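So the structure is just underneath, and the comments pick up after that.
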Amino acid sequence: MAVKIVRLVRYNPWWKGKGWEKEDYDLSKAEEIIPRKGIEIKKGSVTLIRGIRRAGKSFYLKILIRELIENGIEPRRIVYIPSDRFTKNEVRGFIDELRIRYGDLYVFLDEITYLKDWRLLLKELGEEGITTIATGSNPVGLKREAELLPGRRIEGNEYYFNPLGFREFAMFINPNLPEVSFRYDEPNADETLPWYEEIEGLFYAYLQTGGFPEAVLDFKDSGKVKEERYEEIIRLVLGEIAKSGKNEEIARELLEAIFKLRGNRVDYVTLAREIGVSHPTVRDYLSTLESARVIYTLEAWDLGKKRHAHRKAKKIVFQSPLIATSLAVYLGEDPLEFIEGNIEWLVEGTVASHLIWHLEEPVIREKHAFAGFYYDQTRECDVVIKGRGGFFGIEVKYGRVKRKSYLFPVLYLSKDETGEDTVPASLYLYGLEKSRRSI
């Protein structure tokens, strides 16, 4: 067992004492730390953090570890285990041995869904009251299996980990911007109007980085995103597909088909015909991509029945504009020319993802419960939120604002127009905070 513990030392440099950050793989590379929302680690409970890869989950765990040490927790009672490097039995052995040596532990299991039967491990740790923080990005495993863990000290301790929102990005680049926050249906941008030029400029920069930390730091350092970031995004998307046991070629063709839609609505049958597979296959692959938080599928609302009309066409948006731009580069386009030529589509997708981040909470308020869109023979509203007071629409009009009459109130997001029902998109997104369980 001692030999196995030795295998963990390289991943836990804080066991050596002060100055460990210089030896840590993640913190040693960080020239600057982007602030993130903190979470409460509840002693004796299991905390789950799930989100797309390269959004900064591993780095975030190291920040949590540093905070625990600063708050007086004995460093050797904190163990970080990269789950892709060990088997479930090895992980269980590490934990048991360290508990004998040091007593109560804080166990950090990074990318836990690499472990076979990881749910059983979390179940055991929860029942034993071991403080556990686990991350995962597996497109199917983490979401479905987490739902099978009721009463295991996990309720209220599950979080989404997303790329940086525009508000976080802007305040990181320019800390002097005003503190403004409002609900999606009650925007008050008065305090930010004097800052419009600065915020609008930052919004264009945000569309380039998509909120992925490495791309954000690229931009802050050199004013552009490094070309290698686009390849990393494509690799992570296809990697998630491969991990779920699905065909990469089908996934690649489906992503290209979604990309070519440019936000236009579509049905499963049309997509299936486009790539030469069955529509249940399309539905399955879209579900996988959504669970991996690569895309969001928006369904049309049936206003009369106050629920989604499942047989109507869908809209598919990328979670981050950097994913769309990476696909453009993969297909031979110049990134900046692509952004310039498709800015309204990118803004529309960014608005949809930010509204979801603003409202979603694991289990109790998932995206399908509140987000969708609306269309009929003559009109389409980009995003429609179902709230307790009814439906509320948001339309992106990055050119001239053209109003239409709907059966629900609508807010128009412009490039630079303001009015009673109109707000510049950049100022609107700057005011939207993530939900309490979205990091």
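The values are calculated or read from the model by the stated rules, or taken from the named source; none is laboratory data. Just so you know, these numbers come straight off a predicted model, no measurement behind them. Every residue, glycine among them, receives a Cβ derived from its backbone with ideal geometry; neighbour counts consider all protein chains shown. Just so you know, the surface numbers come from the protein's heavy atoms only, side chains and all, with ligands and any DNA or RNA stripped out. Shrake-Rupley method; radii C 1.70, N 1.55, O 1.52, S 1.80 Å.
When the chain is treated as a GNM with alpha-carbon contacts under 10 Å, the residue of GLU227, GLU158, GLU360 showing the greatest mean-square fluctuation is GLU227. The apolar share of the surface of region 149-257, taken as the fraction of accessible area on carbon and sulfur atoms (1.4 Å probe, ligands and nucleic acids excluded), comes to 46 percent. Our note on the geometry: Cα centres of region 1-72 and region 326-343, 35 Å apart. Between helix 196-209 and the chain there is an angle of about 60 degrees, using the helix long axis and the longest principal axis of the Cα atoms. Accessible surface computed residue by residue for the chain, with neighbouring protein chains in place and a 1.4 Å probe, gives 45 Å² per residue. Pull out a ≥ b ≥ c, the square roots of the eigenvalues of the alpha-carbon gyration tensor of region 311-417, then state rounded if a/c is under 1.5, prolate if not and a/b is larger than b/c, and oblate in the remaining case. Oblate shape, in that a/c is at least 1.5 and b/c is the bigger or equal ratio. Compared with the direct C-alpha span, the chain from ASP221 to ASN89 gains 43.2 nm at full extension, assuming 0.36 nm per residue.
Using a/c under 1.5 as the rounded threshold, could you call region 1-49 rounded, prolate or oblate? The axes a ≥ b ≥ c are square roots of the C-alpha gyration tensor eigenvalues, and prolate needs a/b larger than b/c, oblate otherwise. Verdict is oblate for region 1-49. Most mobile of PRO409, PRO187, PRO321 per a Gaussian network model of the chain (Cα springs, under 10 Å)? In the Gaussian network model the winner is PRO409. Relative contact order of region 270-319: 28 percent, from C-alpha pairs under 8 Å at least 6 residues apart in sequence.
Note on ARG235 and LYS306: the extension gain reaches 21.6 nm, defined as 0.36 nm multiplied by sequence separation minus the Cα-Cα distance. Working note: 222 nm ellipticity from helices only, DSSP H runs with n ≥ 4, each -39,500 (n - 2.57), summed and divided by the residues of the chain, gives -12000 deg cm²/dmol to the nearest 500. Figure legend: label point modelled 7 angstrom from the Cα of ILE364 along Cα→Cβ; residues of region 379-422 with amide N under 16 Å from it are 388.
Element breakdown for region 393-439 at a 1.4 angstrom probe: carbon and sulfur atoms account for 43% of the accessible area. Applying 0.36 nm per residue to the separation of PHE408 and ARG283 and subtracting their alpha-carbon distance, the gain on full extension is 42.0 nm. The GLU228 and SER181 beta-carbon pair, evaluated with R₀ = 25 Å, returns a calculated FRET efficiency of approximately 0.10. Placing +1 on each Lys and Arg Cβ and -1 on each Asp and Glu Cβ, with no other charges, gives the chain a dipole about its Cα centre of roughly 1620 debye. Overall form of the chain: prolate. Here a/c, set by the Cα gyration tensor axes a ≥ b ≥ c, is 1.5 or more, and a/b is the larger of a/b and b/c. FRET efficiency for the pair GLU333 and ASN188, taken as 1/(1 + (r/R0)^6) with r the Cβ-Cβ distance and R0 = 35 Å, rounds to 0.40.
Distance from the Cα centroid of region 80-126 to that of region 346-370 is 32 Å (rounded to whole angstrom). Computed from the Cβ-Cβ distance with R0 of 30 Å, the FRET efficiency linking GLU23 to TYR196 stands at 0.10.
Charges were assigned to the Cβ only: +1 to each Lys and Arg, -1 to each Asp and Glu. The resulting dipole of region 332-413 about its Cα centre is roughly 680 debye.
The antiparallel fraction among DSSP beta bridges confined to the chain stands at about 40%.
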